[in-house]
Amino acid sequence: MVKITKRILIRLILCIVLIGGLVIFVRDWYGVRLLVLTPKILKYRPVIQEHAGKHQLDWRLITALIVQESGFNENAESHAGAMGLMQLMPETAKELGITDAYNANESIAGATRYFRSLYDLYPDSSHPNRIRIALASYNGGRGHIKDAQRIAKHRYDDPNQWECLSKNISLLTEKDKVLHSQVWESGVPPHGYFRGYNETRQYVKRVMKYYDRLCYFSGILEKVKSFVPL
């Protein structure tokens, strides 16, 4: 008969916790995709942590951003011309001083710096709202978000909360010309109509789901590690 020592019991409990955490982690498409991409995530984690740390950002957020943008495909290219891991548009890459957007290190370094600059544009928002508004700016363009904030103010909504903005960006289409004439003298949003508003809303939702899942599982791993020495 095998004698169950305290050490063995603890390890059994930790295994159960880890397996249980993994089951929750992969309970839907988001978790499954992260699990499949784990080798890539581990490969690029050091460089992501390096650049995220420089800009005081959570490396798991940048990881979630990459998962949504390219699925860690270094050679990804969108129909609109966005390139590399972080799917930077040519003009954005040029502004960031990136010479090769397909170079993973350059892409991560430049895009992380760019994301931080977007985050810094919203000092009046709480941290959770700043993250979401910065993500919306990364995907939909800072100009459209600025126009949505202007509409939010006009409608006495809070322009610093993503929940309010996510509703107001839907009012940047041609069907809302009457509203636009009340907000802008020209009668047209300064940065044009925003036909892809729903895509941007879904984008923010998806990145945050990946981020939440990464935070959850890394938390499980940290708890397991803290008990291992026992």
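Points worth noting:
- Residue-level check: of (1) surrounded by fewer than 18 Cβ atoms within 10 Å (Cβ to Cβ); (2) farther than 20 Å from Ser78 by Cβ; (3) not hydroxyl-bearing (Ser, Thr, Tyr), Gly143 misses just (2).
- Just one of the listed residues (Ala76, Ala80) is under 20 Å from Tyr102 (Cβ atoms) and modelled with pLDDT under 90, and it is Ala80.
- Top-ranked residue of the range 80-121 - restricted to ones that are hydrophobic (A, V, I, L, M, F, W, C) and in a helix (DSSP H, G or I), ranked as surrounded by the fewest Cβ atoms within 10 Å (Cβ to Cβ): Leu118
- Test: residue in the range 45-61 that is modelled with pLDDT of 60 or more, outside any helix (DSSP H, G or I) and among the small types (Gly, Ala, Ser): no
- At least 3 residues being within 19 Å of the chain's Cα centre (by Cα) is the threshold, and among the helices (runs of 4 or more DSSP H) wholly inside the range 122-186 those reaching it are 127-140, 142-154, 162-168.
- Candidate set from the range 173-214 (those that are buried (at least 20 other Cβ atoms within 10 Å of the Cβ) and hydroxyl-bearing (Ser, Thr, Tyr)); member that is farthest from Gln68 (Cα to Cα): Tyr197
- Test: residue in the range 69-88 that is under 15 Å from Val207 (Cβ atoms), in contact with a Leu (Cβ under 6 Å, 6 or more places away or on another chain) and in contact (Cβ under 8 Å) with a residue 24 or more places away in the chain: yes
- Test: residue in the range 174-191 that is of a type in the set (S, T, N, Q) and under 29 Å from Gln56 (Cβ atoms): no
- Within the span defined as the range 13-36, every residue fails to be under 24 Å from Ser137 (Cβ atoms), part of a helix (DSSP H, G or I), modelled with pLDDT of 90 or more and among the aromatic types (Phe, Trp, Tyr).
- The number of residues in the range 33-73 that are within 16 Å of Asn103 (Cα to Cα) and in contact with a Lys or Arg (Cβ under 6 Å, 6 or more places away or on another chain) comes to 1.
- The residue of the range 187-223 that is nearest to the chain's Cα centre (by Cα), among those that are at pLDDT 95 or above and hydrophobic (A, V, I, L, M, F, W, C), is Val207.
- Tally, over the range 37-68, of residues that are surrounded by 14 or more Cβ atoms within 10 Å (Cβ to Cβ), among the β-branched types (Val, Ile, Thr) and over 15 Å from Val207 (Cβ atoms): 1
- Selection of first residues in the range 36-49 that are within 21 Å of Gly110 (Cβ to Cβ) and of second residues that are outside any helix (DSSP H, G or I) and modelled with pLDDT of 90 or more, restricted to Cβ pairs under 6 Å at least 6 apart or on distinct chains, gives the following pairs, ordered by first then second residue: Lys40/Phe72.
The values are calculated or read from the model by the stated rules, or taken from the named source; none is laboratory data. If you're wondering where the values come from, they're calculated on a predicted model, not measured in any experiment. Note: ideal-geometry Cβ built from the backbone for every residue, glycine included; neighbour counts use all protein chains shown.
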